[in-house]
């Protein structure tokens with residue numbers, strides 16, 4: 001049983017109420033993760049701010065979604081893999097088969113995108129201690145040191161949400177049930 005509550009506008013701390021209203025207006029509903037974040041206005045605001053900053057990265061929308069999905073996969077976050085699967089599949093240019101491959105831990109069709117996903121997963125699993133060889137491999141497919149740093153921003157963002165979901169056992173919203181994902185047992 002989780003110590004966390006799923007807040008709504010009425011039960012949330014005062015400083016979270018306006019933020020939840022903004023989420024409701026933007027998405028048409030308040031996802032359960034945001035309801036958990038509402039316990040801490042700082043956490044809710046930080047997640048929103050870093051999300052907005054990440055939108056300004058040099059990554060394409062396709063690359064951004066694959067990075068967020070890869071981080072969530074590496075962290076075994078069932079909630080975020082499900083949510084980002086839905087978002088990814090609705091992002092123009094994303095290959096739906098690649099989303100399924102990523103969800104299964106299989107290589108993507110596009111070599112450059114697969115390198116992006118594999119490098120992202122390595123950064124998470126190795127806590128940033130990725131070998132120079134692997135860094136060069138990443139750069140050799142056309143990525144840059146700027147991209148490495150922007151992946152770290154995405155990892156920070158997803159670490160906040162992935163760990164929150166682990167602790168809160170956040171239930172998957174009805175809106176994302178069609179993309180429900182279960183982490184493989186280790």
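We did not get these values from a lab; they are worked out from the coordinates using the rules stated. These numbers come from a predicted model, not from an experiment. Neighbour counts run over all protein chains shown; Cβ positions are idealised from the backbone, glycine included.
With the helix formula -39500 (n - 2.57) applied to DSSP H stretches of n ≥ 4, the chain reaches a computed 222 nm mean residue ellipticity of -20000 deg cm²/dmol. Taking packing as the residue-averaged number of other Cβ atoms within 10 angstrom, the listed peptides 33-40, 12-19 run from highest to lowest as 33-40, 12-19. Helix 145-168 and the longest principal axis of the Cα set of the chain meet at an angle near 40°. The smallest convex shape that holds all Cα atoms of the range 80-186, its convex hull, gives 121 Å³ per residue. Rg then Dmax, both in Å and based on the Cα atoms of the chain: 16.5, 52.
For the chain, the longest principal axis of the C-alpha atoms and the axis of helix 61-74 are separated by about 80°.
Classified by the C-alpha gyration tensor, the range 1-60 has a prolate form. Its axis ratio a/c, with a ≥ b ≥ c, is 1.5 or above, and a/b is larger than b/c. Please give the helix 78-89 orientation as an angle from the longest Cα principal axis of the chain, in degrees from 0 to 90, rounded to the nearest 10. Tilt of helix 78-89: around 70 degrees.
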